[in-house]
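Remarks on the structure that follows.
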């Protein structure tokens, strides 16, 4: 009887070995799959009432903090003193709705390490600091407020960055929401109201929404023309009010249906300054989809930009446009197969300001511990080179003329040389999107900005980039230079 | 290991339980109170008296039986305390009751020896069958003993004592009675069952009348499954039988027959009963059925994954999110809070206990004692494997208790008696 007994024993012990293997799978090999499953509420539940780190602006204003809960000792309530002004950047950390924005991207740094686990006890013994880390942003409260107020209740976005570093100085998305509502009582009701709001306040128009960039895209088409050597600002083109698209009955018309110059020829410079669509439809077809696509991709189109969170991918559909010249003509004025985020268009302005070099955009300047000691500083990263310094110089020359005598005159700031480009793109039900991208001061740029006003803002059907977006850019630039 | 070393390990296990309860209290932000000392005292009292009884009435017994069981009990007391302090208090009473009954068993066997047990084998069969059917008594009525249906399974017995009522799952005791009956029966019929005079094609079979008990136990298991809807007890009962008949005869044919009968009964139950079908879904696709049948298993896996290597720390995880964490899913609860390290400790504890049990069986010269020791160990191992395997999705969930760990008096009493029997056998057949 000993042989079957041994076999039975072996069978049970093999069974237990299998249990050990299975446990290894669940708890070691694939543990993260189950730990991080969105239906696993454990992690969020452990974070209730825990202290989280501060988020402060570059000029020292507190944007997010944990206040002691008056009802429960040792417990904290998250609050956002600047409310809607920084909502799209800072986000929220809510028990019911998870995390968003920097609260989500930097959650590991911001959360308290006091979990009372054995490894925490060890850390205490070893003298490690378990208090949460704090973030200092590159954004300044003063500029953010200027941009927020300049948009003045219109839906849209302003992105301002330092073209030489990629540091974001202001990033506004409107309409916004008050993140305090999502962490307090009645959070669920507020959440439902926000979700149901047709103006979509929870949408981040700066980085996660795509719009046709309109005539601001003419900077990219011009850059491609200069890079290929096909044209320079003095090159002349037939002056026409309307351009007949090849192989199509459609035309591309100048705004107002007027000629661009004397009715015979126009220089590229003049067409750029007055934003003549017919000329740029013709130019885009002459340059070809490939070179334009190459410059666009150098600027960040058609790929996921390196950023704090996943941003919408701006697009220039090179392959489709190579085969469809009519569509290429329409895309040459930033319509049809071109889509961009305001962040992407700020990078376009930044590249011109920075001699063709695109810096990777970033929001957090440094992280520091509870004693104020620096833990980590953001390292500057070059995203890529979109075009040569010569091309950048030619573009700067043309863009400055836009502000001094062209469509972007309202972006001017007294005593400062401002360069820019307006855009008026197909919007919603006849109300065009208004755009302006630009930078200043021309001789040594410290700010590049993209302004986007959705569906014309309060100007509605009569809106244009020059009338609606350019004045906002002027306020932001002057606010930054006179800080 | 000396007897003194054994007592030291039992005290250490009591210390583990008391330390665990201390951590639970601290993690809950409560102040330290008498519960810590009480837990320690109950552990020492329960295992100490059994230990003393072994010293006195079975001095040659193996010293490695009690310590692993004490460790498993200690971990579970702390975890049950964390999940439900009220139940932890009740569990401590049951622990004392189980220990006293084991002491009584050892005293009884000290006078007569296990050989006398063999004589009453048919009495065990009868008692076992009656106990199995008792939960079918009407749940209302004048009788002081009533049946009770919980979660779709009718496996509870309520004994009304006037002042209070005691709930009991007879299945845990039936398990022991069946092993004792089968050991007696098989020790007698071993050779007849091993012979295979009949031939059908390439297969050889024993005389059909020798196969009668196989079919009979299968039928009883089916009754348990169909009438009481108790998948766990049914599988355990039949599994115990097949394992023992294989041990007695050494014929793998019985394993094959057992597998075929289990599979067909399982398929039938799957088609017939909703609650078996739900368990099947929970086994195969718990995450796709998270909102419904798969919730319990999925939560257990979330907990175990979150626990990872070191665990959340006892009292700091959320095993309360797992339904029935203190009973069927105690393994997942410990795995979440004590981590992979804790899970391995439990598996190692069971493996040690099972290894020792089979070791005792192998040493036995007497056929009855050998079959009893092997049968008891097999049942213990099978039960632990089925429920932990159910939690880990190696096998479908059967809803039985994890010996020494799940909250529940019947289970604790049954498994303590099992230890007592093993200890007595190892005393009678010393190494």
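The values are calculated or read from the model by the stated rules, or taken from the named source; none is laboratory data. Bear in mind that the values here come from a model prediction, so they are computed numbers and not experimental data. Don't worry about glycine lacking a Cβ; one is built from the backbone with ideal geometry, like all the others, and counts go over all protein chains shown.
Any residue in segment B:390-404 that is in a helix (DSSP H, G or I), at pLDDT below 95 and more than 10 Å from chain A (Cβ to nearest Cβ)?
Narrowing segment B:390-404 to residues in a helix (DSSP H, G or I): B:390-391.
Those still in the list that are at pLDDT below 95 too: B:390-391.
From what is left, the residues that are more than 10 Å from chain A (Cβ to nearest Cβ) are B:390.
Among the residues of segment B:390-404, at least one is in a helix (DSSP H, G or I), at pLDDT below 95 and more than 10 Å from chain A (Cβ to nearest Cβ), which makes the answer yes.
Could you say which residue among B:193, B:177 is surrounded by 14 or more Cβ atoms within 10 Å (Cβ to Cβ), touching a helix residue (DSSP H, G or I) at 6+ places or on another chain (Cβ under 7 Å) and either in a strand (DSSP E or B) or modelled with pLDDT of 85 or more (or both)?
Answer to the selection: B:177.
What number of residues within segment A:424-444 are farther than 16 Å from residue A:472 by Cα and under 20 Å from the mean Cα position of the chain (by Cα)?
Counting residues in segment A:424-444 that are farther than 16 Å from residue A:472 by Cα and under 20 Å from the mean Cα position of the chain (by Cα) gives 2.
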Could you pull out the residue among B:300, B:293, B:326 that is away from every other protein chain (no Cβ under 11 Å), surrounded by 24 or more Cβ atoms within 10 Å (Cβ to Cβ) and more than 30 Å from residue A:7 (Cα to Cα)? B:326
Of (1) at the interface with another protein chain (Cβ under 8 Å from one of its Cβ atoms); (2) modelled with pLDDT under 90; (3) buried (at least 20 other Cβ atoms within 10 Å of the Cβ), residue A:93 satisfies all except one. Which? (1)
Segment A:168-192, subset without any contact (Cβ under 8 Å) to a residue 40 or more places away in the chain and surrounded by fewer than 17 Cβ atoms within 10 Å (Cβ to Cβ), residue farthest from residue A:428 (Cα to Cα): A:185
Answer yes or no: is there a residue in segment B:27-35 that is outside any loop (DSSP other than H, G, I, E, B), surrounded by fewer than 20 Cβ atoms within 10 Å (Cβ to Cβ) and in contact with a helix residue (DSSP H, G or I) (Cβ under 7 Å, 6 or more places away or on another chain). yes
If you check A:39, A:3, A:7, which single one turns out to be free of Cβ contacts under 8 Å to residues at least 60 places away in the same chain, more than 29 Å from the chain's Cα centre (by Cα), facing chain B (nearest Cβ under 9 Å) and part of a loop (DSSP other than H, G, I, E, B)? A:39
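Might you check whether a residue that is outside any helix (DSSP H, G or I) and modelled with pLDDT of 95 or more occurs anywhere in segment A:290-297?
The answer is no; no qualifying residue exists.
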Please determine, by comparing only the residues of segment A:42-56 that are part of a loop (DSSP other than H, G, I, E, B) and either facing chain B (nearest Cβ under 7 Å) or in contact with a strand residue (DSSP E or B) (Cβ under 7 Å, 6 or more places away or on another chain) (or both), which one is modelled with the lowest pLDDT. A:47
Matching option when the condition is out of contact with any strand residue (DSSP E or B) (no Cβ under 7 Å at 6 or more places or on another chain) and under 23 Å from residue A:424 (Cα atoms), among A:272, A:226: A:272
Yes or no: residue A:195 under 22 Å from the mean Cα position of the chain (by Cα), modelled with pLDDT under 95 and either in a strand (DSSP E or B) or surrounded by fewer than 17 Cβ atoms within 10 Å (Cβ to Cβ) (or both)? yes
Test residue B:184 against the criterion of being surrounded by 15 or more Cβ atoms within 10 Å (Cβ to Cβ) and modelled with pLDDT of 85 or more, and give yes or no. yes
Is it the case that residue A:416 is crowded, with 20+ Cβ neighbours inside 10 Å and at pLDDT 95 or above? no
Would you check if there is a residue in segment A:133-155 being in a strand (DSSP E or B), modelled with pLDDT of 85 or more and surrounded by fewer than 24 Cβ atoms within 10 Å (Cβ to Cβ)? yes
The condition from (1) more than 21 Å from residue B:236 (Cα to Cα); (2) within 10 Å of chain A (Cβ to nearest Cβ) that residue B:361 misses is numbered (1)
Does residue A:17 satisfy the condition of being within 14 Å of chain B (Cβ to nearest Cβ), surrounded by fewer than 17 Cβ atoms within 10 Å (Cβ to Cβ) and over 35 Å from the mean Cα position of the chain (by Cα)? yes
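Condition check ((1) within 26 Å of residue B:119 (Cα to Cα); (2) within 17 Å of the chain's Cα centre (by Cα)) across all residues:
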site: B:325; (1), (2): no, yes
site: B:330; (1), (2): no, yes
site: B:343; (1), (2): no, no
site: B:355; (1), (2): no, yes
site: B:367; (1), (2): yes, no
site: B:379; (1), (2): yes, yes
Output the number of residues of segment B:364-385 satisfying the condition of being more than 10 Å from every other protein chain (Cβ to nearest Cβ), over 22 Å from residue B:396 (Cα atoms) and surrounded by 22 or more Cβ atoms within 10 Å (Cβ to Cβ). 3
Could you tell me which residue of segment B:331-347 is surrounded by the fewest Cβ atoms within 10 Å (Cβ to Cβ), considering only residues that are farther than 16 Å from residue A:35 by Cβ and free of Cβ contacts under 8 Å to residues at least 40 places away in the same chain? B:341
